[in-house]
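What follows is one structure encoded as structure tokens, with my remarks underneath.
Derivation of every value follows stated rules applied to the coordinates shown; laboratory data play no part. Just so you know, these numbers come straight off a predicted model, no measurement behind them. In this analysis, Cβ positions are derived from the backbone assuming ideal geometry, glycine residues included, and neighbour counts consider all displayed protein chains.
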Amino acid sequence: MKNADITKKTPTRHDWERFDAMTEAQRHVAALRDPDAHPITPDNEKLMKRTPRVTIVRRALGLSQEGFAARFHIPLGTLRDWEQNRKEPDAAARAYLVVIARNPEAVSEALEPQPS
């Protein structure tokens, strides 16, 4: 197995009683002290990617993975990688997914073979 993690993972223990005893202000201060748990602010929200979730778009259209991949000319392996969070769509693919989400019929029509 490539890049397999063979170390045994121990579950993280959380002190929920301590957390439940904190006020909202104390929780906020604790979050600010943790560099990995900063609250979302308007400034850092602008930096977040806004890609439609492929699974949600596909299911909204009532398509299987195979059907979605075929209809929109996306390699099935790529679609599965996106849905299983093994890979992120690049900028062009994110734009394509936005267009599919907003107007799937137009995309399907544009991809139909044209008579010669």
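Ordering 78, 26, 48 by Cα displacement along the dipole of the chain toward the positive end leaves 78 in first place; charges were set at the Cβ atoms of Lys, Arg (+1) and Asp, Glu (-1). Under the rule of -39500 (n - 2.57) per DSSP H run of 4 or more residues, summed and divided by the residues of the chain, what mean residue ellipticity at 222 nm is obtained, to the nearest 500 deg cm²/dmol? Theoretical 222 nm ellipticity from helices: -14000 deg cm²/dmol.
Across all directions, the shadow cast by the convex hull of segment 10-116 built on its C-alpha atoms averages 11.1 square nanometres. Give me the base-10 log of I(q)/I(0) for segment 54-111 at each q in 0.20, 0.25 Å⁻¹, Debye formula, one uniform scatterer per Cα, rounded to two decimals. The calculated log intensity ratios at q = 0.20, 0.25 Å⁻¹ are -0.69, -1.12.
The charge dipole of the chain, taken about the Cα centre with unit charges on the Cβ atoms of Lys, Arg (+1) and Asp, Glu (-1), comes to about 260 debye, rounded to the nearest 20.
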